[in-house]
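Undergrad: Structure below; questions to follow.
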Amino acid sequence: RITTHYTIHPRDNDPRWEGKQLCYKLIKKLESYGSVKGIATNDVGIAKDGSPKGIFERGMELHAKVTLFGEGCHGHLAKQLYNKFNLRENCEPQTYAIGLKELWMIDEKKWRPGRVEHSVGWPLDRNTYGGSFLYHLNEGEPLVALGFVVGLDYTNPYLSPFREFQRWKHHPFVAPTLEGGQRIAYGARALNEGGCQMARLLPLVTALTVCGPVVLNVFKKWLHVPEYAENLKNSWVWKELYAVRNIRPSFHNYFGLYGGMIYTGIFYWICRGKEPWTLKHCGTDANQLKPAKECTPIEYPKPDGKISFDLLSSVALSGTNHEGDQPPHLTLKDDSVPVARNLGIYDGPEQRFCPAGVYEYVPLDTGDGMRLQINAQNCVHCKTCDIKDPSQNINWVVPEGGGGPAYNGM
């Protein structure tokens, strides 16, 4: 399934296309190279066993000189581009976070339209990157949007981003706003966290991926000609990205949050990011988990059903739905890996990092032992499992069109 596809026809006298000369140069330069010529939509109406149903329809190929991918971070098609054109060469691996969000209707007396609140740290420990937001929306009714973001480079396999979010809502500065209110929506999505360290200007691909890189990593997979690269390096966008390049990796130090805050205060707020060095990230998020035996299990408080809630009632508010009789969109490269490695070494972290209760370990139907059960119908398409799985054994692919969360007002 392709979320966004555009065919661009630049015209000499069209003022809306500021990059018309660049586009002509790109097309001319890349005509002789292997490149992306378009996309193919997936077939629909296929049963779980792979056989065509009565409503089967063949997918279509859409060809274009320039293909624009807008899948969101860590997209299914973007992953193919990474491998096909070696887009991860000569740059650091992307790093991500998981963002969880709720929409609440609160008491009108507590509503402060336009008010913005941000926090870092609690209830996370000092070595886990994350923070929160609480926005009083100015949309004519007493709505607040609140959420919690956890960097997916965390190390404790017992950490649950969802339950950290629920615990955060009981903070004495947050709970009074929510008391007496009603939660009306829930959702989750992975976010890009990388910066200039992940950036790469790449030739030979007639494709633009605009949502895979997103705000902090806009340029890793963009088209390249010498003129464009030079213009990009001299642009205000690159200047802004370069200035903040060390903020995120500065949190990887012995003092964690405190060290990162001190570094940011000195070198960004005072020196405006002009330090002559560039810090490195710690590698892929999937490789950051420690074995369970080296970590302390986290005891989370039970949800009270008023401010904090359980996972399944939250997923129900996302409106997610998938056709039951279709090929699975959450696939395993090796069915033996989850129990032997993920459960055996990391105590099954996928049942905690998933914000939708998709993964759970259950006893075998016969005999002793456990197996991984995948409740794909719960999936909210956040991509966290594909990113954080320590074995990189989970492959998220697009389900049949129309499936997934149905966010309303989020």
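The values are calculated or read from the model by the stated rules, or taken from the named source; none is laboratory data. Computed from a prediction, not measured in an experiment: that's the story for all the values here. Note that we place each Cβ from the backbone using ideal geometry, even for glycine, and neighbour counts take in every protein chain shown. For accessibility, only protein heavy atoms count, side chains too; no ligands or nucleic acids. Shrake-Rupley method; radii C 1.70, N 1.55, O 1.52, S 1.80 Å.
Undergrad: Rounded, prolate or oblate: pick one for region 291-410, where a ≥ b ≥ c are the square roots of the eigenvalues of its C-alpha gyration tensor, a/c under 1.5 means rounded, and failing that, prolate if a/b is larger than b/c, else oblate.
TA: oblate
Undergrad: PRE reach from D107 (point 7 Å along Cα→Cβ): which of region 170-186 fall under 17 Å by backbone N?
TA: Those under the cut-off are 170-183.
Undergrad: Is any residue of region 77-100 close enough, with backbone N under 16 Å, to a label point placed 7 angstrom from the Cα of N287 along the Cα-Cβ axis, and if so, which?
TA: Under 16 Å, as judged by backbone N against the label point of N287, lie 88-96 of region 77-100.
Undergrad: For region 264-374, what is the accessible area per residue in Å², given a 1.4 Å probe and the full set of protein chains?
TA: In whole numbers, region 264-374 has 58 Å² accessible per residue.
Undergrad: OK, next. If you project the alpha carbons of region 84-161 onto the principal axes, what extent comes out on each, in Å, largest first?
TA: 53, 32, 16
Undergrad: Taking a cut-off of 13 Å between Cα atoms, list the aspartates and glutamates near K290, but don't count ones fewer than 8 places away on the same chain.
TA: Counting by Cα, and skipping residues close in sequence, K290 has these aspartates and glutamates nearby: D153, D347, D389.
Undergrad: Where does each of D107, D285 land when they are ordered by accessible area, with a 1.4 Å probe and the largest first?
TA: From most accessible down to least: D107, D285.
Undergrad: Holding the Cα-Cα limit at 26 Å, pick out from K48/K79; K79/K239; K101/K280; K169/K239; K37/K333; K333/K383 the pairs that are longer than that.
TA: K79/K239; K101/K280; K169/K239; K37/K333
Undergrad: Further question on the same structure: Skipping prolines and chain starts, which residues have an amide H placed within reach, meaning under 5 Å, of the one on L68, given they are 5 or more residues away or on another chain?
TA: When sequence neighbours closer than 5 places are left aside, the close amide H contacts are Y6, L208.
Undergrad: Let's see if you can work this out: charge +1 on each Lys and Arg Cβ, -1 on each Asp and Glu Cβ, no other charges. What is the dipole magnitude of region 351-410 about its Cα centre, in debye to the nearest 20?
TA: 220
Undergrad: With the crude spin-label approximation of a point 7 Å out along Cα→Cβ, what separation in nm comes out for I266 versus E141?
TA: Reported label-point gap for I266 and E141 is 5.0 nm.
Undergrad: Which part of region 148-163 falls in the paramagnetic zone of H118, meaning amide N under 13 Å from the point 7 Å along Cα-to-beta-carbon?
TA: Label zone hits: 149.
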